[in-house]
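Contents: one structure, followed by commentary.
The values are calculated or read from the model by the stated rules, or taken from the named source; none is laboratory data. Since we're looking at a predicted model, the values are computed, not measured. We place every Cβ from the backbone using ideal geometry, glycine too, and count neighbours over all the protein chains shown.
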Amino acid sequence: MSDHVTRSGKTAMMEPWRALCQLCNEILAVPGSWWQRITADREAVLRVDEDCIEVRLHGNVLLTVEPRGTGLHCRIAPEYLLLCHPGSRAVLCQEGCAPELAGIASLDDLATRYAHVRRRACRHVDRRRMVQDRIFLRHSCILAVDAPFAPGRIDLVGVSPDGVCTFFFVRRYADADLRMQGPGGVGHRMRQWDEWLHTEGKSLAAVRGLMERSRALAGPQNRRYFRVADNISVSMRTRLLIVDFDHAQRFSGLPGLLSILQDGLDRPLRRDDIICAGDPGNISQRILFDGIRCVGARRL
């Protein structure tokens, strides 16, 4: 689905994300607008990238807002827009006219029928991504989920009470790549991220850009980015959060898992590098940042 909203020539000269945020802020001020309905959703998770805004619900990408020409358009899965069941049958007549499935065709319709679209988007659940979204919604210290950076996407970006920005991998205990050695395995990916974090200036600039973009977008979630001080530091070590990790698995599975991760990381594991939690809904801020201090972190 694509719907356009025009903007001035001055706005068009801005960086894509800045112009996009400005246009969305203008739409937000319109009572009953489609963007107001989305930002008012308490379970919506928004992330501002350099060229788009992504909206997630329960770990599913609801829609992506992108600049296009002198306006914007929204990308959304077609099945979310159907007003009838996708498995329902159509009736053909002799003239051979192909019947059109009833669906949402504009952003105004999206605003009116947002509850319907929301139900369709939440039917499918990605357990690990849903955990990311739950942690984001529970803790204002989490700045972004599934955020794109130079080495790839990182599951969580958070700031500790001491002002240390930390990058997290989130994995279920049953995930195959948790035990995979070499490229593709979590240990190997954590080492790649650690190397990038130690690259002078790159990680600092990336976090600064994330903060600037997030603050430019108005809405209820905007407050969390202004609570964070500008002089935060960046931890030089990625962390691993293992969820769905009950008491029995902790004693039987952790030693073997640590040895696999140790080989992939090629560095000694510290106690605070890995966090294990049984219920992701009960992860506290203290557990997330246990042991994280400003020592060994680069200051913004």
Response to the item:
Selection from segment 175-193 of residues surrounded by fewer than 12 Cβ atoms within 10 Å (Cβ to Cβ) and assigned to a loop (DSSP other than H, G, I, E, B) yields G182, P183, G184
Worksheet, complete the sentence: Per the list (1) of a type in the set (A, V, I, L, M, F, W, C); (2) within 15 Å of I292 (Cβ to Cβ); (3) without any contact (Cβ under 8 Å) to a residue 60 or more places away in the chain, residue check on C141 breaks on (3)
Response to the item:
Per the filter on segment 196-212, residues without any contact (Cβ under 8 Å) to a residue 60 or more places away in the chain, of a type in the set (D, E, K, R) and assigned to a helix (DSSP H, G or I) are K202, E212
Practice prompt. Report, by residue number, each residue of segment 109-128 that is assigned to a helix (DSSP H, G or I) and of a type outside the set (V, I, T).
Written response: D109, L110, A111, Y114, A115, H116, R118, R119, R120, A121, R127, R128
Worksheet item: Give me the pairs: first residue in segment 250-273 and at pLDDT 70 or above, second residue among the aliphatic types (A, V, I, L, M), beta-carbon distance under 6 Å, and six or more apart or on different chains, which are they?
Response: Q262/L269; L265/M190
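Are there helices (runs of 4 or more DSSP H) fully within segment 1-108 with at least 1 residues that are surrounded by 14 or more Cβ atoms within 10 Å (Cβ to Cβ) and at pLDDT below 70? List them. Don't jump to the end; show me each part of the working.
Working: elements: 9-12, 16-28, 34-39.
Per the criteria, 9-12.
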Fill in: segment 36-66: number of residues that are over 21 Å from R134 (Cβ atoms) and either among the acidic types (D, E) or assigned by TED's automatic domain parsing to the domain that holds D146 (or both)
4
Worksheet item: Restricting to segment 129-164, what's the tally of residues that are part of a helix (DSSP H, G or I) and crowded, with 19+ Cβ neighbours inside 10 Å?
Response: 7
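Looking at F167, F149 in this structure, which one is assigned by TED's automatic domain parsing to the domain that holds H198 and closer than 19 Å to I274 by Cα? Please lay out each step first, then the result.
Values: F149 fails: closer than 19 Å to I274 by Cα.
Result: F167 is the single residue among F167, F149 that is assigned by TED's automatic domain parsing to the domain that holds H198 and closer than 19 Å to I274 by Cα.
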Discussion item. Can you tell me which residue is surrounded by the most Cβ atoms within 10 Å (Cβ to Cβ) among those in segment 223-242 that are of a type outside the set (S, T, Y) and in a helix (DSSP H, G or I)?
Written reply: R224
Discussion item. For a quick check of your reading of the model, give me the residue pairs whose first member lies in segment 184-195 and is at positive phi, whose second is at pLDDT below 90, with beta-carbon atoms closer than 9 Å and at least 6 apart or on different chains.
Written reply: G184/D177
Practice prompt. Take segment 146-204 and flag every residue that is among the polar types (S, T, N, Q) and over 22 Å from I135 (Cβ atoms).
Written response: Q181, Q192, T199
